[in-house]
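Asks: After the structure tokens below, expect a handful of questions from me.
The values are calculated or read from the model by the stated rules, or taken from the named source; none is laboratory data. Since we're looking at a predicted model, the values are computed, not measured. We place every Cβ from the backbone using ideal geometry, glycine too, and count neighbours over all the protein chains shown. Ligands, DNA and RNA are excluded from the accessible area calculation, which covers all protein heavy atoms including side chains. Shrake-Rupley method; radii C 1.70, N 1.55, O 1.52, S 1.80 Å.
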Amino acid sequence: MKHLALAALLLLSTSPMLHAQQVLPLYKGNIPDSKPSEVKETSITLANGGVRISNVVQPTLTVFLAPADKATGTAVIICPGGGYGRLSIDHEGYDVAKRLNQMGVTAFVLKYRLPNDQSQPDKTTAPLLDAQQAIRMVREQATAFRVNPNRIGLMGFSAGGHLASTAGTHFAQPAYSKAGPTSVRPDFLMLLYPVISFSDSLAHAGSRDNLLGKNAPADQLRLYSNELQVKTQTPPTFLVHAQDDKTVPVLNSLVFYQALTHHQVPAEMHLYPKGGHGFGLHNQTTQDEWTERLRNWLAANGWLTK
């Protein structure tokens, strides 16, 4: 049945529709690290049209196939932000997917589970399980999605950037050991005003507390401070941040860039003097578009070559 759905999706990509999409369940059967609960997903639409989702129980991937005449074979999985308490799934998800489609990149918006003691035996691992499963799923079904299994990137905004950087530094020992041999290492990372460190001086307290709790032990804080987990195998990384970000200090990106440089991992970083936090596709304080810098970076690395 799933193959039929994918076939229908691929047919849509050749139609005049600019962005075909379909929502696919992330797991077949039982969801790892879940337990029965009364938790129910909620979605609210803000006055400006923004959509915020919380209490995710059934994680999904929303597929945005690149138009057939532009498709490069590169795929990007997008992790929206929201402090590990909600998902800003429109301007840090769907809107970004459509922009990537214009570059010839097939995009997948990940609706990942947010840490919740009621519905998860171990709330600290549920988001990472979902991010790794998303990579696994796209890689295993690369032919159906018409993408190259060796050109799958992971993009994250804010706390979604923490999740993406966790997936980019914790792939050697996958969180779900029974899932099979498929690699869960992203081929490249794109981190937008990301939460990186859980140290007292740099952490976004809300993200840290939601994921690990208010009294997390020192070894766990270190494990999820991803600037300390960079290795030579960490994927090439693209970073964007604003200097005046009062929510997630710009030093989060700087310490990750420093760690990447130390381990000789190729990295490119774009810093803006203003823009604050959560600007999504458009930093209104500058005429520069970071998505054009991203396009240049993707092209320079061969990821936009058909």
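Asks: Check residue 78: other-chain or 5+ apart residues with amide H under 5 Å from its amide H, H built from backbone geometry?
Replies: So residue 78 has HN proximity to 108, 109, 110, 155.
Asks: Further question on the same structure: State log₁₀ I(q)/I(0) for region 140-298 at q = 0.14, 0.18, 0.19 Å⁻¹ as given by the Debye formula over alpha-carbon point scatterers of equal weight, solvent excluded.
Replies: Taking Cα atoms of region 140-298 as identical point scatterers yields -0.71, -1.12, -1.22.
Asks: State the extension gain, in nm to one decimal, for the chain segment bounded by residue 220 and residue 43, taking 0.36 nm per residue of separation less the distance between their alpha-carbons.
Replies: That pair, residue 220 and residue 43, stretches by 60.6 nm at full extension.
Asks: Work out the FRET efficiency for residue 288 and residue 35 from their Cβ-Cβ distance, taking R0 = 45 Å, and round it to the nearest 0.05.
Replies: 0.45
Asks: Across region 72-80, in residue order, what do the Karplus-derived ³J(HN,Hα) couplings come to in whole Hz, using 6.51 cos²θ - 1.76 cosθ + 1.60 with θ = phi - 60° and x for Gly and Pro?
Replies: 9, x, 8, 10, 9, 9, 9, 10, x
Asks: Write down the accessible area per residue of region 208-287 in Å², having rolled a 1.4 Å probe over the full set of protein chains.
Replies: Values: 4230 Å² over 80 residues.
I get 53 Å² per residue for region 208-287.
Asks: Hey, what's the Kirkwood Rh for region 116-169 if you take every pair of different alpha carbons, in angstrom?
Replies: 12.3 Å is the Kirkwood radius here.
Asks: Under a straight-distance cross-link criterion of Cα-Cα below 28 Å, which lysines are reachable from residue 274, leaving out those fewer than 8 residues away in the same chain?
Replies: Partners within reach: 98, 246.
Asks: Now for a different question. Would you mind checking 111/214; 40/123; 35/214; 178/214 for any pair whose Cα atoms are more than 27 angstrom apart?
Replies: 178/214
Asks: If you don't mind, there's one more thing I want to ask. Amide H of residue 237 versus every other amide H placed in the peptide plane: which residues, excluding those fewer than 5 positions away on the same chain, fall under 5 Å?
Replies: 189, 267, 268
Asks: From the backbone phi of region 48-57, what are the Karplus-calculated ³J(HN,Hα) couplings (6.51 cos²θ - 1.76 cosθ + 1.60, θ = phi - 60°) in whole Hz, Gly and Pro given as x?
Replies: Each residue's phi maps through the Karplus curve to give 8, x, x, 10, 10, 10, 9, 6, 5, 10 Hz.
Asks: ³J(HN,Hα) across region 281-293 via Karplus (A = 6.51, B = -1.76, C = 1.60, θ = phi - 60°), whole Hz, x for Gly/Pro?
Replies: 5, 10, 7, 5, 8, 9, 7, 6, 10, 5, 5, 6, 5
Asks: Out of all Cα-Cα pairs in region 211-283, roughly what percent, to the nearest whole number, are more than 17 Å apart?
Replies: Roughly 53 percent, rounded to a whole number.
Asks: Oh, and also: Is it possible to state the helix-based mean residue ellipticity at 222 nm for the chain, with each DSSP H run of 4+ residues giving -39500 (n - 2.57), the sum divided by total residues, to the nearest 500 deg cm²/dmol? What is it?
Replies: The per-residue figure over the chain is -8000 deg cm²/dmol.
Asks: Additional query: Output the antiparallel fraction of DSSP beta bridges having both residues in the chain, as a percent to the nearest 5. Don't skip to the answer; put the middle values down first.
Replies: Working: 16 of 40 bridges.
Approximately 40 percent, going by the DSSP bridge assignments.
Asks: Translational D (Stokes-Einstein, µm²/s) of region 55-180 at 25 °C and 0.890 mPa s when Rh comes from the Kirkwood sum over C-alpha pairs?
Replies: Rounded, D is 168 µm²/s.
Asks: Sticking with this structure for a sec: Summarise the long-distance tail of P(r) for the chain by giving the % of C-alpha pairs beyond 37 Å.
Replies: 8 percent
Asks: Which whole-number percentage describes the relative contact order of the chain, with Cα contacts under 8 Å and a sequence gap of 6 or more?
Replies: 15 percent
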